[in-house]
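Trainee: Okay, handing you the structure first.
The values are calculated or read from the model by the stated rules, or taken from the named source; none is laboratory data. Fair warning: this is a prediction, and the values are worked out from it, not measured in the lab. Using ideal geometry, Cβ is built from the backbone for each residue, glycine included, and neighbour counts are taken over all protein chains shown. Accessible surface is based on the protein model in full, side chains and every heavy atom, while ligands, DNA and RNA are left aside. Shrake-Rupley method; radii C 1.70, N 1.55, O 1.52, S 1.80 Å.
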Amino acid sequence: MKSTLFASAAVLTLAAGAARADFELTILHTNDFHDRFEPISKYDSTCPPEDNAAGECFGGIARLVTAIAEARGQGGTRLLLDAGDQFQGSLFYTRYKGDLAAEFMNKLDYDAMAVGNHEFDDGPQVLTEFARKLETPLLMANADLTGEAELREQVQKSVVIEKGGEKIGIVGLTPLDTAELASPGPNVIFTDPAQAAQAEVDRLTAEGVNKIILLSHLGYEADKQIASQLTDVDVIVGGHSHTLLSNEDEAAAGPYPTMVNDVAIVTAYSYGKYLGELNVTFDDAGALVSAEGAPKLIDASVAEDAATVERVKELAAPLEEIRSKVVAEVPEAIDGSRESCRSQECEMGNLVADAMLERVRDQGIRIAIANGGGLRASIEAGTVTMGDVLTVLPFQNTLSTFQVTGETVVAALENGVSEFEEEAGRFAQVAGLKYTFDPAAPAGSRVSEVMVMEEGDWQPIDPTKTYGVVSNNYVRQGGDGYAMFVDASDAYDFGPDLADVTAEYLAAHAPYTAVTEGRITRK
């Protein structure tokens, strides 16, 4: 943010009178890949081979290998960056943890990666093992790792990379609420991202580095906010919110790049569906004087690298017995999209909440709450396999049952809508319960008209009454901000796997038809 920029179409150029630009850099970037090594469908779930052969699929690591090679083949000075969340999201992670992410990131020769919240899903040790195998710098400036000595040896706050004879500083940022979103354990202390970033930027500029990139896993809205606060930052390459930026796609959340305080902000959706490409120019003083580009759609027009296809087939072989088991048939697709399940009643949320509640209803449980962020894909119409279910529910969560008052249930629903504007994963999908919320009201006072199904009729929730609730072990133990459940009575976190419960429910109710039925009302 060391110059004044203005927009003309998709190009941003310095106002007249500035020094002539002399250093051009292309930033290739990915984010939120989530172990989607195989091609994905339009629903972001695994794409059947026959559909891939018909040209109906997107992404996949084999296409990404080709796209990056083609981009590099155009010449010029280039960086390849990843803004975090390589981990979690398919059976590949369930079996291989971080090994495949490290293997393919090394193959693609990334220059740097930010630590995302999902890199902590299996604790610091799995992240440490991944970092040891990764040949690129792993960055996280806003965490105190003093209590995790092995991880501390593997993670840097920033890195300075020389490209084209110029020094470029790259600073990594991770969500402040990662302790709620994942499982970093008690020894990793997350700190304010803006303060941590500015401190690291100041250190780099004092060393003479005048081109600074934030590699941020904070999310698009947070990136815009932090850009307005910081000095001496030129570019933010973001992730976490799975946001598409584009100058052509009407569904995009904003322009590519989005300019805030003369900082160029970019992000490239998720799951390897796009490869971001930002072209920037700096003048002799290191000031950003132009920024333009677009995310490239990785569709069937991008050829799959043959060697990578064979490697993925080899790695997928041990997964086939699990993923090919037929669970049920569904006449219509079941919507589990991020846009739906983190902001409103969604079909997948109803399915999973209903499945949980039916499984434990005979234990006196009356309410089910599922966090929208735990639902990771939609299911297409037709044959549903266990692989499909595990793509939707990849976290290996178990059913948790517990007892809380109606007042606590309402507090949980308030938590669920407290970050509605950010499409946060805490949004509550429910069964045996319905509620209304007003996103225009202050957080903490948005929920009203909470009703519980009792003896076949909807009854207003009683704040003093104790209710039996089922959720998953992650939510019950305080994940996604559900701290009100941590001290619940009669808590049992070791029920059956949520994916198994959902698969069995689909089978028992075949042919299952997706529904939304007014469980959640937005004012």
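Trainee: Considering (1) buried (at least 21 other Cβ atoms within 10 Å of the Cβ); (2) within 30 Å of L145 (Cα to Cα), say which one R95 fails and leave the rest.
Mentor: Against the list (1) buried (at least 21 other Cβ atoms within 10 Å of the Cβ); (2) within 30 Å of L145 (Cα to Cα), R95 comes up short only on (1).
Trainee: Looking at the structure I just gave you, is D457 surrounded by 14 or more Cβ atoms within 10 Å (Cβ to Cβ), free of Cβ contacts under 8 Å to residues at least 60 places away in the same chain and of a type in the set (D, E)?
Mentor: no
Trainee: Separate question: Between K325, K296, K313, which is touching a strand residue (DSSP E or B) at 6+ places or on another chain (Cβ under 8 Å), among the basic types (K, R) and closer than 30 Å to A268 by Cα?
Mentor: Only one candidate passes the filter, namely K296.
Trainee: Now for a different question. Would you be able to tell me the number of residues in the range 19-46 that are in a loop (DSSP other than H, G, I, E, B), farther than 23 Å from L108 by Cα and touching a strand residue (DSSP E or B) at 6+ places or on another chain (Cβ under 6 Å)?
Mentor: Counting residues in the range 19-46 that are in a loop (DSSP other than H, G, I, E, B), farther than 23 Å from L108 by Cα and touching a strand residue (DSSP E or B) at 6+ places or on another chain (Cβ under 6 Å) gives 1.
Trainee: Looking only at the range 98-145, count every residue that is at pLDDT below 95 and within 24 Å of P39 (Cβ to Cβ) and tell me the total.
Mentor: Of the residues in the range 98-145, 2 are at pLDDT below 95 and within 24 Å of P39 (Cβ to Cβ).
Trainee: Going residue by residue through the range 292-314, is there one that turns out to be open to solvent by 30 Å² or more (accessible area, probe 1.4 Å), closer than 28 Å to A514 by Cβ and free of Cβ contacts under 8 Å to residues at least 12 places away in the same chain?
Mentor: The answer is no; no qualifying residue exists.
Trainee: Looking only at the range 361-404, how many residues end up being out of contact with any helix residue (DSSP H, G or I) (no Cβ under 9 Å at 6 or more places or on another chain) and either among the polar types (S, T, N, Q) or over 26 Å from V326 (Cβ atoms) (or both)?
Mentor: The number of residues fulfilling the criteria is 6.
Trainee: Then there's this: Of the conditions (1) buried (at least 24 other Cβ atoms within 10 Å of the Cβ); (2) under 21 Å from A307 (Cβ atoms), A83 fails just one. Which one is it?
Mentor: A83 satisfies every listed condition except (2).
Trainee: Next up: Please determine, by comparing only the residues of the range 320-350 that are in contact with a helix residue (DSSP H, G or I) (Cβ under 7 Å, 6 or more places away or on another chain), outside any loop (DSSP other than H, G, I, E, B) and farther than 30 Å from E421 by Cα, which one is least open to solvent (accessible area, probe 1.4 Å).
Mentor: Within the range 320-350, the match that is least open to solvent (accessible area, probe 1.4 Å) is A328.
Trainee: If I filter the range 14-22 for residues that are more than 21 Å from the chain's Cα centre (by Cα), open to solvent by less than 20 Å² (accessible area, probe 1.4 Å) and modelled with pLDDT under 95, do I get at least one hit?
Mentor: no
Trainee: For the range 160-184, name all the residues that are farther than 18 Å from G481 by Cβ and either over 24 Å from the mean Cα position of the chain (by Cα) or open to solvent by 40 Å² or more (accessible area, probe 1.4 Å) (or both).
Mentor: V160, I161, E162, K163, G164, G165, E166, K167, I168, G169
Trainee: Please find, within the range 353-401, the residue that is nearest to the chain's Cα centre (by Cα) out of those that are in a loop (DSSP other than H, G, I, E, B), among the hydrophobic types (A, V, I, L, M, F, W, C) and farther than 23 Å from E119 by Cα.
Mentor: Here the residue is A381.
Trainee: While we're on this one: Checking the condition open to solvent by 30 Å² or more (accessible area, probe 1.4 Å), modelled with pLDDT of 95 or more and of a type in the set (K, R), which residue from R446, R522 passes?
Mentor: Among R446, R522, only R522 is open to solvent by 30 Å² or more (accessible area, probe 1.4 Å), modelled with pLDDT of 95 or more and of a type in the set (K, R).
Trainee: Also: Test L79 against the stated conditions and say whether it is over 20 Å from G185 (Cβ atoms) and in contact with a Lys or Arg (Cβ under 9 Å, 6 or more places away or on another chain).
Mentor: In short, yes.
Trainee: In addition: Can you tell me how many residues within the range 467-512 are surrounded by fewer than 15 Cβ atoms within 10 Å (Cβ to Cβ), over 31 Å from the mean Cα position of the chain (by Cα) and closer than 24 Å to A411 by Cα?
Mentor: Within the range 467-512, residues that are surrounded by fewer than 15 Cβ atoms within 10 Å (Cβ to Cβ), over 31 Å from the mean Cα position of the chain (by Cα) and closer than 24 Å to A411 by Cα number 2.
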